[in-house]
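Everything below concerns the one structure shown next.
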Amino acid sequence: DWALTNRRQYNLNFKPAAIIRNCFTVRIDSPLITIFAGNSRQIIYAHLNNPDTRFSIIAGKLFNTAVEYRADRFIVKQYDPLLRDFVFTITGANGRALQTESRLSVSTHDDGLSTVGHLLYDATHGRLIFVYSLFDRFVCFDTSLKRIYEAITIDPTSFKLKPGGTYRNQDQLWRTYASAPDFINPVACISGDNLFIYSMHQATNESDGDF
């Protein structure tokens, strides 16, 4: 992280095993920074003007994405070992789960390999959008985890990844892809009343020249 006023660099150290792809996101609302480190089960607050003063919330389970929708509430996509999937959960400031979704996520039972994506919060309307990175769809829901609607993106491609093998590293069991993942929607954001999704594939209404 960089404090733009003095260009000092601050380091937050994690164990190597705690750093993993798709499980580390940052939200900046200067001078406050919120770091969601899903594989180390931490939500970290830091202040650019006083980076040595920070505190962490320890989530109960691994998570691959999260947002803060009010001062003491988070919606996180936590791992459920019984379902072998990541599911949406409302978590309090103490890290405890307060509510879990009911059939909100796409269930693939592949340890979450297929259900990575972008979790966005629209504070104006109090709505959340989850855009799947590997599927041509997104879902809109409210802060009580009730589905409002679901829709497909302009990209016509949809498929399910096949899980590969497993390996053990430092007493943890990791699952791998059987083939390289194809990230259809690598970037998404909300601006006003609009949802913007960057697609890697050619849309059905897009000419070869435009693509």
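Observations
- Sequence-distant residues sharing a close amide H with ARG137 (under 5 Å, placed H): TYR132, THR153
- The slack between SER191 and GLU206, meaning 0.36 nm per residue of separation minus the straight C-alpha distance, is 3.1 nm.
- Segment SER144-GLN99, extension gain: residue separation times 0.36 nm, minus the distance between their alpha carbons: 15.4 nm
No value in this document is a laboratory result; all are computed from the given coordinates. The structure presented is a predicted model; accordingly, all values stated were derived computationally and were not measured.
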